[in-house]
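Everything below concerns the one structure shown next.
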Amino acid sequence: MSGVLVIAESRRGELREVSLELVTAAREVAEAAGGQLKVAIIGADAEQVGPQLGAEGVDEVLTVTAPQQHFEAHVWQKALEALIDSEQPSLILAGHTIDSLGFAPATAARRALGFATDVTAISWADGPRAVRGAYGDKLHSELEFPGKECTLLTVRPGLFSPATPGEGSVPVRAVEANLENVARTEHIEFVEATAGDVDITKAEFLLSIGRGVEDKDNIPRFEQLAERFGATLSVSRPLVDAGWMPSARQVGQSGKTVKPRVYLAFGISGAVQHLAGMRNADTIIAVNTDPEAPIFSVAHYGAVADLFEVADELEQALG
Amino acid sequence: MKIVVPVKQVAALDEEFELLDDGSGVDPDFLEWDLNEWDTFSMEAALQIRENADGDGHEVVVVTVGDEEAEEGLLSCLAKGADRALRIWDESLQGADVLAVAKVLAAAVERESPDLVLCGVQSSDAVYGATGVALAGYLDLPHVAVVKGLDYDAAQATATVERELEGGLVEVLRVEAPALLTIQTGINEPRYATLRAIKQAREKPLQVSDLADLGLEEDAVGQAAGSRAVALKPPEPGEGAEMLNGSPAAVAARIVEIVQERMSG
Ligand SMILES: Cc1cc2nc3c(=O)[nH]c(=O)nc-3n(C[C@H](O)[C@H](O)[C@H](O)COP(=O)(O)OP(=O)(O)OC[C@H]3O[C@@H](n4cnc5c(N)ncnc54)[C@H](O)[C@@H]3O)c2cc1C
Ligand SMILES: Nc1ncnc2c1ncn2[C@@H]1O[C@H](COP(=O)(O)O)[C@@H](O)[C@H]1O
């Protein structure tokens, strides 16, 4: 087994950006992995989307045409197994995305692959090596995959800069897989996220509060503080889950991606799915009592402080 | 009808944690244990399905792979209303990775032959986000990951589920039981156990098994492991944030300054 196989991703006919990030990640280890760099796309739209995947450094684009119009976990799982059989890669990279997590672990289990999820760095020394977070990203764990001929890693989105899409000069090959009667779920419909009273993606200054605010009754206070400060109030997911705030105010992977001039975070730990929505803000200021909170790793300014005490003082200062 | 709920007792680092001298892990004195947040939602989903089902004989079984520390999590599930609990442990499982844990769970779940298996989307300490779907892979069960809406029709043995995608997009789909779902936070409002129920939980069946009881060999579990951890380290210090020190008043004053400067630029 040799070479690197990237599993690209599309949704409703559009290539998802993580696909080209994976190409960048794969390029870094393809030579060491002693073989070709191939990028596969599975789906009804595989042939349309395929050519864009022929970025620099890619030797071949593979398409697996699925009978379903949309992602179906069991079909994708089977398609990945067919790709492993036909291409014999020693390393497979997929995105750490909702779709991948719906099928990649099942393939890893069934094929006894080397396996790690939410990987943040990849290297090669006699085989793949990977780094992933531990204890909610407060520590890093270095992994190896002894005795595995093929290793599947799901890579955290947003860390590698995306490769420039190809223009169709890289060869595209269709890989046959028997995908009839493989689906075990039936797609009914997509439901779009509901629009809210404000569009936090348009705000230049977000005051964002997390579970550190502790209680629903404290929220009006931060609404007022935001107003005095000229900020728009946004939140982390637990406040939406608890029904304290509408989902339109949620920042993160399953909420909104924001890029304000200033993102002021109060009592947000900085879980990967939260960072996915705000790490590109121009200036990030974080207030958290825990000096090890991962939010400080993306913040430009940080204060290890009690958010209520800081809020008291801000109220004073803003009059 | 039977629902199996795999739950995990997760460790959080307290603020001044220290690593073991050999770098292999965190000094256990600095760990705080709690039931995984996601598993409170999967537990609630299971209890609601049982409560809404007609007739008797429905069962919710919680299962964990963990040492004695994990028993507290099982007891809290029993207190909330699970019918019985199963804890699987063997010293060889210390540090077991996602595929090894899924392999052990597979042996336990197979013996129960449930209609539904409800896992959490992820555990807050390991954050694999993968144990459930790996378990489904071993058992060849239909599966849906990241479920934020669940309507189970017991008569038809069919679940209509909402799968949460990036950006808040939702896919509605249907799957036939037996099936495995991974449950997302916010799907319901997890209940609290009454003090009385907490006391009574100790009377409910809690079975402890080792690998041999499940017909598993240590070797087979070891070989299932997808990775081996070679080192645990603090993250490389990046550029890092500029820390604002001083009293809350000083911090607030600096925040106002920074905001004014950035917003006027
Ligand atoms: C598929 C998936 C999608 C997700 N999508 C999102 C998403 O879109 N957005 C999102 O936010 N999350 C999302 N999550 C959840 C995410 O994993 C975390 O659970 C969540 O972001 C945690 O929110 P938090 O930081 O507010 O809470 P916690 O992690 O509980 O952090 C609270 C923080 O407050 C600090 N604190 C407590 N008291 C004080 C005080 N008095 N003063 C100062 N600081 C204090 C604590 O030190 C802690 O760091 C998703 C998860 C999954 C699995
Ligand atoms: N040791 C364990 N015992 C039982 N269930 C587990 C264990 N580890 C993970 N799980 C299940 O898998 C889910 C996802 O965890 P993870 O894959 O570790 O992120 C959890 O919410 C549990 O339902």
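Nothing in this text is a laboratory measurement; each read-out follows from the coordinates by a stated rule. Not measured: the values here are computed from a predicted model. Don't worry about glycine lacking a Cβ; one is built from the backbone with ideal geometry, like all the others, and counts go over all protein chains shown.
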Looking across region A:205-226 at residues that are within 18 Å of A:ALA281 (Cα to Cα) and within 14 Å of chain B (Cβ to nearest Cβ), the single one that is farthest from ligand 1 (Cβ to nearest atom) is A:PHE205
Enumeration of residues in region A:240-252 that are surrounded by fewer than 24 Cβ atoms within 10 Å (Cβ to Cβ) and either in contact (Cβ under 8 Å) with a residue 40 or more places away in the chain or within 10 Å of chain B (Cβ to nearest Cβ) (or both): A:VAL240, A:ASP241, A:ALA242, A:GLY243, A:PRO246, A:SER247, A:ALA248, A:ARG249
State whether one or more residues within region A:236-244 are acidic (Asp, Glu) and either assigned to a loop (DSSP other than H, G, I, E, B) or closer than 17 Å to A:THR194 by Cβ (or both). yes
Inside region A:142-180, can you point out the residues that are part of a strand (DSSP E or B), surrounded by fewer than 21 Cβ atoms within 10 Å (Cβ to Cβ) and within 13 Å of chain B (Cβ to nearest Cβ)? A:GLU142, A:GLU144
Considering B:GLY23, B:GLY55, B:GLY73, B:GLY95, which residue is surrounded by 22 or more Cβ atoms within 10 Å (Cβ to Cβ), over 24 Å from B:PRO142 (Cβ atoms) and either of a type outside the set (Lys, Arg) or touching a Gly at 6+ places or on another chain (Cβ under 9 Å) (or both)? B:GLY73
Sort out which residues of region A:121-134 are within 16 Å of ligand 2 (Cβ to nearest atom) and either touching a Phe, Trp or Tyr at 6+ places or on another chain (Cβ under 7 Å) or not hydrophobic (A, V, I, L, M, F, W, C) (or both), and write them in order of number. A:ARG132, A:GLY133
Reported set for region B:147-191 where residues are in contact with a strand residue (DSSP E or B) (Cβ under 7 Å, 6 or more places away or on another chain), over 20 Å from A:ILE98 (Cβ atoms) and small (Gly, Ala, Ser) is B:ALA157, B:ALA177
Looking only at region B:133-160, count how many residues are more than 8 Å from every other protein chain (Cβ to nearest Cβ) and within 16 Å of ligand 2 (Cβ to nearest atom). 5
Scanning region B:159-184 residue by residue, the ones that are farther than 20 Å from B:THR131 by Cβ and polar (S, T, N, Q) total 1
Would you check if B:ALA126 is closer than 18 Å to B:ALA224 by Cβ, crowded, with 24+ Cβ neighbours inside 10 Å and more than 16 Å from ligand 1 (Cβ to nearest atom)? no
Check A:ARG261 against each of (1) more than 16 Å from ligand 2 (Cβ to nearest atom); (2) closer than 28 Å to B:LEU169 by Cα; (3) crowded, with 21+ Cβ neighbours inside 10 Å; (4) among the charged types (D, E, K, R) and name the one condition it does not meet. (3)
If only one of B:GLU44, B:GLU71 is away from ligand 1 (no atom under 16 Å from the Cβ), within 14 Å of chain A (Cβ to nearest Cβ) and out of contact with any Phe, Trp or Tyr (no Cβ under 8 Å at 6 or more places or on another chain), which one is it? B:GLU44
Within region A:1-118, considering only helices (runs of 4 or more DSSP H) that don't extend past its boundaries, which have at least 1 residues that are touching a residue at least 40 places away in the same chain (Cβ under 8 Å) and more than 16 Å from ligand 2 (Cβ to nearest atom)? A:18-30, A:46-49, A:73-87, A:98-101
Please determine whether any residue of region B:26-43 is hydroxyl-bearing (Ser, Thr, Tyr) and either part of a loop (DSSP other than H, G, I, E, B) or closer than 30 Å to B:ALA157 by Cα (or both). yes
Unmet criterion (only one of (1) more than 28 Å from A:SER254 (Cα to Cα); (2) of a type in the set (Val, Ile, Thr); (3) more than 14 Å from every other protein chain (Cβ to nearest Cβ)) for A:VAL23: (1)
What number of residues within region B:1-41 are under 22 Å from the mean Cα position of the chain (by Cα), away from ligand 1 (no atom under 13 Å from the Cβ) and among the hydrophobic types (A, V, I, L, M, F, W, C)? 10
How many residues are surrounded by 24 or more Cβ atoms within 10 Å (Cβ to Cβ) and closer than 25 Å to B:VAL146 by Cβ if we restrict to region A:270-286? 4
Does any residue in region B:20-40 that is on the phi < 0 side of the Ramachandran plot come within less than 6 Å, Cβ to Cβ, of a residue that is among the aromatic types (Phe, Trp, Tyr) and within 16 Å of ligand 1 (Cβ to nearest atom) six or more places away or on a different chain, and which pairs are these? B:VAL26/B:PHE17; B:PHE30/B:PHE17
